[in-house]
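Inspection log for the structure reproduced underneath, given as structure tokens.
The values are calculated or read from the model by the stated rules, or taken from the named source; none is laboratory data. In this text, all values refer to a predicted model and were calculated from it rather than measured experimentally. All Cβ positions, glycine included, derive from the backbone under ideal geometry; neighbour counts span all protein chains shown.
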Amino acid sequence: MEKVLILCRSLTQAQRSQRLLERSGIVSAVVKAPVALTKAGCGYALSLRRHVADAVRLLREADMLKGKVYALSGGNWSERNDDLS
Amino acid sequence: MIYLDNAATSLLKPPAVCRAVRQAMLQAASPGRGAHRASMTASEIVYRCREEAAKLFHVGDPSRVVLTSNATHALNIAIRSLVGPESRVLITGFEHNAVLRPLKAVGAEIRVCGRTLFDREGVLRDFRAQIGEADAVVCTHVSNVFGFILPIEEIASLCREHRVPLIVDASQSAGVLDLDMQKLGAAFIAMPGHKSLFGPQGTGILLCGVKGEPLLYGGTGSDSANPAMPDELPERLEAGTMNVPGIAGLYEGLRFVGDRTPEGIHRYESALLKTLADRLSRVGGLRLYTDAGLGQAGILSFTADGTDSEAFCEALSERGVFVRGGLHCAPLAHESAGTRAFGTVRISLSPFTDPEQIERAAALIEGLA
């Protein structure tokens, strides 16, 4: 797993999620999501390389996990529904 | 120049505001329109502004801070969201046209509560008598003509008790009086960025307790394949390219207010207002509209016997004192106070007004009276 994208419903939601993770010491970046991964087009996502399971848990606990989670591996994105640990 | 027209727009701003505007014009593009550095710089500026406003006004969630062009824009969104044709809406007798005109435009049935200047009890009495029949309440926090501080906490409490949505026009109170979204439980609070929050013109804020309906439809930089506006705040209410340089300045203005605190700013302006009112009360031929500063923000209106308010303002302007006359876009407030015929001369203060300016302005007013 090279990196993970957590899709967000909006730019503001992505920024809010990033701040939440930041407060727990988890570094993420707000990025544009690949069009192929977004149903509605022009979406934003949080990109992470480390502490992915913690990030997903924190967002879920705060009721801020609103989009799908994708992992990049070998140049391909795949949806992840596991705990990513 | 002695600038005493801060209730219209604060002209003197903290230096950081102008620096931020300039820097944003040089470095920031459009938020939500890309992921390159210039776009993300803009996104960060906008989000910081939301965070700062959420902190100052106790909103909790920054995504409930919608950035608008001004308070009028914000009030139009709020009113269009909650008020329809024949909705019964309670307002005070001191509302601005930014409230009256949108209510008229949607065809609301308007009922006016409290027509006596500085009579907080009278306002409350009228609200208590009619709240049971209301579909919504739209209420200014401070009269833009007289500085009259309306009993907004008590009105909000009545609204909560009767489950009537409340829209607060905080145009003259944001940055000067305590404004707590969570405590008030308002559906919306609307405010300009360019008055007592010291942002540039073209900035405003709508604090949202409910989701609201879009006034404008268009691009938001996300959810693009959806023909409808996004469901989420703030994007739902923010179609089109944002005023990023203005928002950058507004952020610094909010920080300035946060550092000084609204309470500290109000205390300073109240002391100046008392000095001014005391001084002008000794001038013959003037009628002051004052509550001895007790229930009054930093705004003082007066009339001069036999002189039209606009003519008086023009004479002051020629002497370097900038104030505003006429009806101040609030004919209802003038009808309530009995000043509709000639309007009033309005002096409005800011934390950048100093006592020496007040004394010089008072001396010039005395000379003209």
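Here is a yes/no grid of residues against (1) touching a Cys at 6+ places or on another chain (Cβ under 7 Å); (2) among the charged types (D, E, K, R):
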| residue | (1), (2) |
| --- | --- |
| B:GLU109 | no, yes |
| B:ARG115 | no, yes |
| B:VAL123 | yes, no |
| B:PHE148 | no, no |
| B:ALA156 | no, no |
| B:ALA170 | no, no |
| B:GLY175 | no, no |
| B:ASP180 | no, yes |
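Say whether the condition of being at pLDDT 95 or above and within 14 Å of chain A (Cβ to nearest Cβ) is met by at least one residue in the stretch B:257-267.
Step one: filter the stretch B:257-267 for residues at pLDDT 95 or above, giving B:257-267.
Those still in the list that are within 14 Å of chain A (Cβ to nearest Cβ) too: none.
So far as the stretch B:257-267 goes, no, none of its residues is at pLDDT 95 or above and within 14 Å of chain A (Cβ to nearest Cβ).
When residues of the stretch B:179-193 are filtered for being more than 9 Å from the chain's Cα centre (by Cα), assigned to a loop (DSSP other than H, G, I, E, B) and not charged (D, E, K, R), how many remain? Explain how you work it out, then say what you get.
Applying the first criterion (more than 9 Å from the chain's Cα centre (by Cα)) to the stretch B:179-193 yields B:179-189.
Still in the running and assigned to a loop (DSSP other than H, G, I, E, B): B:179-180, B:185-187.
The next check asks that each one be not charged (D, E, K, R); those that pass are B:179, B:185-187.
Selection size over the stretch B:179-193: 4.
Which condition number in (1) among the hydroxyl-bearing types (Ser, Thr, Tyr); (2) away from chain A (no Cβ under 14 Å); (3) closer than 21 Å to A:THR38 by Cα is the one that B:SER196 fails?
For B:SER196, the failing item is (3).
Go through the stretch B:23-56 and report how many residues are touching a Gly at 6+ places or on another chain (Cβ under 9 Å), within 14 Å of chain A (Cβ to nearest Cβ) and surrounded by fewer than 23 Cβ atoms within 10 Å (Cβ to Cβ).
So the answer is 8.
Checking the conditions here, which among B:PRO331, B:PRO351, B:PRO355 is at pLDDT 95 or above and either in contact with a Lys or Arg (Cβ under 6 Å, 6 or more places away or on another chain) or loosely packed, with under 15 Cβ neighbours inside 10 Å (or both)?
Details: B:PRO331 fails: either in contact with a Lys or Arg (Cβ under 6 Å, 6 or more places away or on another chain) or loosely packed, with under 15 Cβ neighbours inside 10 Å (or both); B:PRO351 fails: either in contact with a Lys or Arg (Cβ under 6 Å, 6 or more places away or on another chain) or loosely packed, with under 15 Cβ neighbours inside 10 Å (or both).
Selected residue: B:PRO355, the only one of B:PRO331, B:PRO351, B:PRO355 that is at pLDDT 95 or above and either in contact with a Lys or Arg (Cβ under 6 Å, 6 or more places away or on another chain) or loosely packed, with under 15 Cβ neighbours inside 10 Å (or both).
Could you look through the stretch B:137-175, keep only residues that are touching a Lys or Arg at 6+ places or on another chain (Cβ under 9 Å) and among the β-branched types (Val, Ile, Thr), and pick out the one that is nearest to B:GLU269 (Cα to Cα)?
Within the stretch B:137-175, the match that is nearest to B:GLU269 (Cα to Cα) is B:ILE149.
Please enumerate the residues belonging to the stretch B:212-233 that are touching a helix residue (DSSP H, G or I) at 6+ places or on another chain (Cβ under 7 Å) and within 30 Å of B:CYS159 (Cα to Cα).
From the stretch B:212-233, those touching a helix residue (DSSP H, G or I) at 6+ places or on another chain (Cβ under 7 Å) are B:212-215, B:220-222, B:229-230, B:232-233; that's our starting set.
Matches in the stretch B:212-233: B:GLY212, B:GLU213, B:PRO214, B:LEU215, B:MET229, B:PRO230, B:GLU232, B:LEU233.
Go through the stretch A:1-12 and count every residue that is assigned to a loop (DSSP other than H, G, I, E, B) and among the charged types (D, E, K, R). Show your work before the answer.
So the first thing to find is which residues in the stretch A:1-12 are assigned to a loop (DSSP other than H, G, I, E, B), and the list is A:1-2, A:9-10.
Still in the list and also among the charged types (D, E, K, R): A:2, A:9.
So the count comes out to 2.
Do we have B:ALA24 as assigned by TED's automatic domain parsing to the domain that holds B:LEU237, assigned to a helix (DSSP H, G or I) and of a type in the set (A, V, I, L, M, F, W, C) here?
Numbers: assigned by TED's automatic domain parsing to the domain that holds B:LEU237: yes; assigned to a helix (DSSP H, G or I): yes; of a type in the set (A, V, I, L, M, F, W, C): yes.
In short, yes.
Report every pair of residues separated by at least 6 positions or lying on different chains whose Cβ atoms are under 9 Å apart, first residue within the stretch B:253-277 and outside the structural domain of B:ALA361 (by TED's automatic domain parsing), second among the basic types (Lys, Arg) and surrounded by 18 or more Cβ atoms within 10 Å (Cβ to Cβ).
Every condition considered, the pairs that remain are B:GLY253/B:LYS13; B:PHE256/B:LYS13.
Among (1) under 13 Å from B:THR68 (Cβ atoms); (2) within 14 Å of chain A (Cβ to nearest Cβ); (3) of a type outside the set (A, V, I, L, M, F, W, C), there is one condition B:PRO230 misses while meeting the rest; what is its number?
Only one criterion is unmet by B:PRO230, namely (1).
Restricting attention to the stretch B:208-224, does a residue exist that is within 14 Å of chain A (Cβ to nearest Cβ) and not in a loop (DSSP other than H, G, I, E, B)?
Scanning the stretch B:208-224 turns up at least one residue that is within 14 Å of chain A (Cβ to nearest Cβ) and not in a loop (DSSP other than H, G, I, E, B).
Looking at the structure I just gave you, is B:ASP169 over 18 Å from B:GLU95 (Cα atoms) and of a type outside the set (A, V, I, L, M, F, W, C)?
Details: over 18 Å from B:GLU95 (Cα atoms): no; of a type outside the set (A, V, I, L, M, F, W, C): yes.
When the stated conditions are applied, B:ASP169 does not pass them.
Any residue at all in the stretch B:57-71 that is assigned to a loop (DSSP other than H, G, I, E, B), more than 10 Å from chain A (Cβ to nearest Cβ), closer than 16 Å to A:SER17 by Cα and modelled with pLDDT under 95?
From the stretch B:57-71, those assigned to a loop (DSSP other than H, G, I, E, B) are B:57-61, B:69-70; that's our starting set.
The next check asks that each one be more than 10 Å from chain A (Cβ to nearest Cβ); those that pass are B:57-60, B:69-70.
Going one step further and asking which of them are closer than 16 Å to A:SER17 by Cα, we end up with B:60.
Next, from what is left, pick out any that are modelled with pLDDT under 95: B:60.
Yes, because at least one residue in the stretch B:57-71 is assigned to a loop (DSSP other than H, G, I, E, B), more than 10 Å from chain A (Cβ to nearest Cβ), closer than 16 Å to A:SER17 by Cα and modelled with pLDDT under 95.
Does any residue in the stretch B:108-134 that is buried (at least 18 other Cβ atoms within 10 Å of the Cβ) come within less than 6 Å, Cβ to Cβ, of a residue that is hydroxyl-bearing (Ser, Thr, Tyr) and part of a helix (DSSP H, G or I) six or more places away or on a different chain, and which pairs are these?
Partner pairs satisfying both residue conditions: B:ARG115/B:SER336.
Hand me the list of strands (runs of 3 or more DSSP E) wholly inside the stretch A:13-85 holding 3 or more residues that are touching a Leu at 6+ places or on another chain (Cβ under 6 Å) and within 14 Å of chain B (Cβ to nearest Cβ).
Details: elements: A:29-32, A:44-48, A:69-73, A:76-79.
Hits in the stretch A:13-85: A:44-48.
Assess whether B:LEU250 counts as being farther than 23 Å from B:THR41 by Cβ, out of contact with any Asp or Glu (no Cβ under 8 Å at 6 or more places or on another chain), touching a residue at least 12 places away in the same chain (Cβ under 8 Å) and not in a loop (DSSP other than H, G, I, E, B).
No, not satisfied.
Within the stretch B:91-99, does at least one residue satisfy the condition of being surrounded by fewer than 18 Cβ atoms within 10 Å (Cβ to Cβ) and over 16 Å from the mean Cα position of the chain (by Cα)?
No, because not a single residue in the stretch B:91-99 is surrounded by fewer than 18 Cβ atoms within 10 Å (Cβ to Cβ) and over 16 Å from the mean Cα position of the chain (by Cα).
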